[in-house]
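No lab work stands behind these numbers, since they all come straight from the coordinates. On a predicted model such as this, the values are computed, not experimentally measured, just so you know. Don't worry about glycine lacking a Cβ; one is built from the backbone with ideal geometry, like all the others, and counts go over all protein chains shown.
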Amino acid sequence: MKSEDWAFCHTALVEVSRTFSKPIEMLPGALEHAVTCGYLLCRVADTIEDDDSLSTQQRELLFERFLRVLQADAPVSSFCDAASEIWKGDDAESRLARNLDKVMAVFTSLEPEVQACVVPWVEEMARGMALYRYRRPNGDGFVTLLNEADLERYCYFVAGTVGQMLTELFVHWIDDLEPSRRVQMGEHAESFALGLQLVNIVKDITDDYERGVCFVPATLLRRVGLAPADLLHPESLVQAQQAVDPLFERIDEVLRRAFLYALAIPPEETEIRLFCLLPLWMAVRTAQVARGNKSQFRRGEPVKISREEVGRLIADCVRRASDDSALRDGWHQLREQPLQVVQTAA
């Protein structure tokens, strides 16, 4: 690979996700290159799905060309040319899309077996995102998910596929992986990414609301007498919190499974463990901050943990990463901390 192509990929990763760039940088050698490229390809698909300024025709064109590039049925220039016509801005996502050729130059320099771990899952993500993009707003102007099964399916496409991709890359990378560990990783492959996605959904309710999107399933809202448009109304606060309670129960379940996934990685593979543990520790605490927190439903009051606590969580992960017993102790201590560490006055 050319050094300038890799330099672009590394810079683009930091620009589109400071959260994941640090754990990815911890990965060893070629695995860092593979996960970086896989993540950037997923972000290109996400940009196509997430840009509300695109027309249906533009989105279909971009998805079609992106998939053909992944399948090696079309030159990468066909996508870059279309992206350059559509995205003129200087934001990180637009620059990434216009320079997909640099990402693909690094990606195609990797072993064919490594590429085979990535392409099917990015394709499945892109196809799933394209399906959900055909959803139209309901009568009150919101695009909604129908029920909890619909939420699970959506989260599989946008996050579960990432868990499967990472697992294939890790299994390929780790020499002499014990069969029992391989099985445990396979059983919980989707939970790592799914848990992070669900935490993002419950903490970003107000941001999604501003875009006219509601990821809280309509069935949960109707159960407490709300419509999507009611979610941020001050007089609906109690019902809104009741509506999202089942999501926190699901978060608890998938984060527990995500921890079992991290434990399945051999202790000597410290960098890979840290890659999983750092966002997992953050997700657990962010979910605790969000649960029962009125800021979930108030514009301009972001739900997040403090920078100081982020530093403590990182130090805790690094200290425990290669010791299963210490990790289990740390996990229980983390889960036993108070659920509400941030609360906004009524």
May I ask you to compute the full-extension gain from Gln239 to Leu131, defined as 0.36 nm times their residue separation minus their alpha-carbon distance, rounded to one decimal in nm? 35.8 nm
With a 10 Å Cβ neighbour count serving as the proxy for reagent exposure, in which order, fewest first, do Ser322, Ser3 appear? Ser3, Ser322
In the chain, whole DSSP H helices that both stretch 24 Å or further along their axis by alpha carbon positions and average at least 0.0 on the Kyte-Doolittle scale are 29-50, 112-132, 237-264, 270-290
Rounded to the nearest 0.05, what FRET efficiency do Gln57 and Asp101 give with R0 = 30 Å and r taken as the Cβ-Cβ distance? Could you check? 0.80
Could you sort the peptides 41-47, 146-152 by per-residue average Cβ neighbour count (10 Å cutoff), highest mean leading? 41-47, 146-152
Where Lys and Arg each count +1 and Asp and Glu each count -1, what net charge lies around Pro246 among other residues with Cβ under 14 Å from its Cβ? -3
Between their Cα atoms, which of Lys22/Lys102; Lys2/Lys22; Lys102/Lys304; Lys22/Lys203 are more than 27 Å away from each other? Lys102/Lys304
Defining a contact as two alpha carbons under 8 Å apart and six or more residues distant in sequence, what relative contact order in percent does the chain show? 16
Sort the following peptides by mean Cβ neighbour count (other Cβ atoms within 10 Å, averaged over residues), highest first: 84-92, 327-335. 327-335, 84-92
Among 311-317, 163-169, how do they line up from the highest to the lowest mean number of other beta-carbon atoms within 10 Å? 163-169, 311-317
